[in-house]
């Protein structure tokens, strides 16, 4: 082992210690000692990915690297159980994940800090002694296939693969990244290729210590962490894997340029992309010329490309930036979100891009712009705060792969360190009229007579017309374009109002609040705040950064009184955002962020960033909201955008749709996408102009000011809000909180609808069992504990063992006022079959709770308590917590601490009784939402037989799914006649006995219909309005303690 460096440049407030070492096998590791970490974690990044998928005997094994990522975690020699790793993490407050990129594969986890050593014991053997379990091989191939099918109707994946497919076949970017059943099973099987054997050979040839990077973060000292890493990772063999080399090939040679690619999307969207091949930028890491041009081309202020395109009615958005493709190659892209008019005038837009580039060429490199960007980057790094452990270790393991970065700059590699006019000019030289291609996307495009191989995207490729190229070549600087001016939002005052405290306060305090129609003042400074309903304030007392957060919630019941009003308000806020674009870009670069969004009975404004300039941004945003009058041309454009957004919702991934429908069913005054679409014809320009004056006739306002401010400064902010929104307050009887509906005991309701996308093969089910009210703290604690103990077994059973689908979630679902257990599965199987499998799992899970040892139960309680008591890592996390507790109406700032007290009282027997009564009992109240595919694939008979066998034998005898697959594959496929022989063969391959006749009958029943009698269950919800009208509403959210108790400054100990 050798020391690389002990000295890393780090943010001013970073209390961590760092060390980079290199083991004897040439593996490089970054060690991080964090003395206050609640979560520890580790990551390993190996410099091999989908670009290294092999071809065997002329057969491309596309997706093999991705398959390796899946199968690698299915057991190791020291821990052979396929879920030993995930089970250990789940019981100790952790989780894991991995991803396969083009040239990297990244594996990572986090866990409660005291269990880091045990997690490393299970993690490291995946890279020294993996089993590549033959029993799991086919299941994980199916998981890869399911993951691929999840993305088949995703425009992001489709267009990405089309760009790859239309690249140079001699460069591996051309390859199919994900893999599927064809590439990993069917085609290799026909060619006599054993995919598992090829995987093992590939792993041994590529997974070498010299191209691996490890990051470990824990509370232990650097010396202890060093010992742990040395002990656990030194056994990884070093086969001296060479650097990646593609023999001089590039993804976009001349033959692939000066083309117009036209493609039809699944969703109703229009876009234009210009792609410029550029050299790999590793050598320019210190000067970063690519980001210089990303900043200018992507600018949104006056004189920018987007500003001009919006003036012309051609665009609603624009982005620009460089992207690494692989070794030796990168691209610079300019993507424009088009209006219908913009699609018609795409050639004019392309010419405008080159006119803007001509202006940049004429102006030449500007050192002051580089200096401004350097200042922005330096400020961002100087005051960077901690983030989640899992993302930290994963990101840094990946960053270690950048050999060009000096190790002392690993944390600060994003900083600009030098100005080079020559390198800046050289980069701009690649953005020229002979070095690009165009991709135009829109459903209106015609003549798309080709289909991409893997996703089926319809497209056409044509050379750019000679006269069009002549216009591009003749582009000169336009008077519409000029460089941006100095950024007015750059902060200069970084002073921090620091007061040392022993214990940070756990809540904000209430400066002023509405009480029974009158005002309750906390102190004299707030006496004039007559039109602020509530002002909350907390001064930062632990992070000490020159930043702050402001939340403003405006309760305006008229804006959500109907689907029409809600749609008008949504469109108005979209128009406000559109108007603010020119302002927002500079604010974003200056470290200021804001969000204006619709919220229940009104809207909210959030601002985050450097406190010096935050009030300036707030003032401009609020004045725009209050006094803005939309232009008719922008109304037309933004209405069309909103209409597309609503209609496109049904073409997204199904599991992202189902929550919207369950929330519509369970919440009062929530409007479905269908209802919003239905009122669109009534949303006219004149209707909107008539609606705007009504918005602010009356309002109730709630403010939270948090961070590097004093209370008097918070009061000044509130005064500003009052001055801009000087409107009467809502009457006492009008100030109410929206509620949820209570499902009646002992009843199950079923809501079914088809997914709008006619080609999506996936369906999704959300199975919700109501457990009680949010306000019932013991029920909430029991529900949280149930979510903790069921999470890993549910995933292991429904996703890993039964292979129902790639997407399986379980846990607690919280509505406005109720909560319950949710199980969600997205699958190619029918939702009624999925429901039967969910119910089967839930029915059997009671026995698992009963079978917990005292130690296992205690581990789950400890893990959940640690999660509840986890310290906030940065100012934004603390703000988000306060924000949630204020906006939900319960103001339960001590809820986590109280929940932990209850969790320590709950026994295993109480949890089991709660489960049997609330989830399985006759009084269980359920809502089951089925979103059904219009194109469900026909299930192969062999698959139905396999599922019937495994489901029947599960829990009775031990047999591997691989063995069952082999027996069924070798059996007579006329199953009606061969079942006795098949079942007898299975009986010979298991340890233990089972009722063969019973299994035969089970298989026959499933061949007739794999869905048991009684499914789908529940009373059908045919009309949402009628369904809601027959349910009772819960009590509205109420503060857990009188708000007057919060007027005292919280208990920071000075």
Peptides ranked, highest mean first, by Cβ atoms within 10 Å: ranges 993-1001, 887-895 | 887-895, 993-1001
Just subtract the alpha-carbon distance of residue 483 and residue 716 from 0.36 nm times their residue separation and send over the number in nm, one decimal.
-> 80.3 nm
Per residue, the convex hull enclosing the alpha carbons of region 849-923 has a volume in Å³ of 113
So for region 247-300, using the alpha carbon gyration tensor with a ≥ b ≥ c as root eigenvalues (a/c under 1.5 gives rounded; past that, a/b versus b/c decides prolate or oblate), I'd call it oblate
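How would you order 770-778, 23-31 from highest to lowest mean count of nearby Cβ atoms within 10 Å?
Details: 770-778: 18.8, 23-31: 20.8.
In descending order of packing, they fall as 23-31, 770-778.
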Please give the direction-averaged projected area of the C-alpha convex hull for region 696-773, in square nanometres with one decimal.
-> 11.7
What is the calculated FRET efficiency for residue 847 to residue 189, with r their C-beta to C-beta distance and R₀ = 30 Å, to the nearest 0.05?
-> 0.20
Assign one of three labels to region 2-234, namely rounded, prolate or oblate, based on the Cα gyration tensor with a ≥ b ≥ c the square roots of its eigenvalues; rounded applies when a/c is under 1.5, prolate when it is not and a/b is larger than b/c, and oblate otherwise.
-> prolate
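Listing 605, 1013 from the residue with the fewest other Cβ atoms within 10 Å to the one with the most, what is the order? Mind dumping the intermediate values first?
On the way: 605 22, 1013 7.
Ordered from fewest to most neighbouring Cβ atoms within 10 Å, 605, 1013 come out as 1013, 605.
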Expressed as a whole percent, how much of the Cα-Cα distance distribution for region 308-350 exceeds 18 Å?
-> 38
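Taking the number of other C-beta atoms within 10 Å as the exposure measure, put 800, 5 in order starting with the fewest.
Values: 800 19, 5 15.
In increasing order of surrounding Cβ atoms, one gets 5, 800.
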Just grab the label-to-label distance for residue 468 and residue 1048, each label 7 Å out from Cα along the Cβ direction, in nm (one decimal).
-> 7.3
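Using a Förster distance of 25 Å, how high is the FRET efficiency between residue 418 and residue 498, based on the Cβ-Cβ distance and rounded to 0.05? List each step's numbers first, then the result.
On the way: r = 34 Å, r/R0 = 1.35.
Efficiency at R0 = 25 Å is approximately 0.15.
Kindly provide the helix-only [θ] at 222 nm of the chain, computed as the sum of -39,500 (n - 2.57) over DSSP H runs of four or more divided by all residues, to the nearest 500 deg cm²/dmol? Intermediate values should be presented prior to the final figure.
On the way: 34 runs with 406 residues, N = 1054.
Using -39500 (n - 2.57) per qualifying helix, the result is -12000 deg cm²/dmol.
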At what distance in nm do the modelled label points of residue 902 and residue 382 sit from each other, each positioned 7 Å from its Cα along Cα→Cβ?
-> 4.6
Roughly speaking, what is the centre-to-centre gap between region 598-635 and region 647-687 when only Cα atoms are used, to the nearest Å?
-> 24
Consider a paramagnetic label point 7 Å from the Cα of residue 938 along Cα→Cβ; state which residues of region 997-1013 have an amide N under 20 Å from it.
-> 1004-1011
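Let's test the formula: R0 of 45 Å, r as the Cβ-Cβ distance of residue 245 and residue 814. What FRET efficiency results, to the nearest 0.05? Can you show the working numbers first?
Details: r = 52 Å, r/R0 = 1.17.
Efficiency, from the Cβ-Cβ distance: 0.30.
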Can you give the Kirkwood hydrodynamic radius of region 941-1008 from its Cα pairs, in Å with one decimal?
-> 11.7
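Fewest first, what order do 256, 113 take by the number of other Cβ atoms within 10 Å? If you can, show how the numbers build up before the last one.
Details: 256 17, 113 21.
In order of increasing Cβ crowding within 10 Å: 256, 113.
From the square roots a ≥ b ≥ c of the eigenvalues of the alpha-carbon gyration tensor of the chain, which class results: rounded (a/c under 1.5), prolate (a/b over b/c), or oblate?
Cα axes put the chain in the rounded bin.
If packing is taken as the average count of other Cβ atoms within 10 Å, what order do 499-511, 284-296 fall into, highest mean first?
Working: 499-511: 16.3, 284-296: 21.1.
Descending packing order for the listed peptides: 284-296, 499-511.
Taken together, the values in this text are just the output of simple stated rules run on the coordinates, not laboratory data. Small disclaimer: the values here were computed from a predicted structure and weren't measured. Neighbour counts are summed over all protein chains in view; Cβ atoms, including those assigned to glycine, are modelled from backbone coordinates with ideal geometry.
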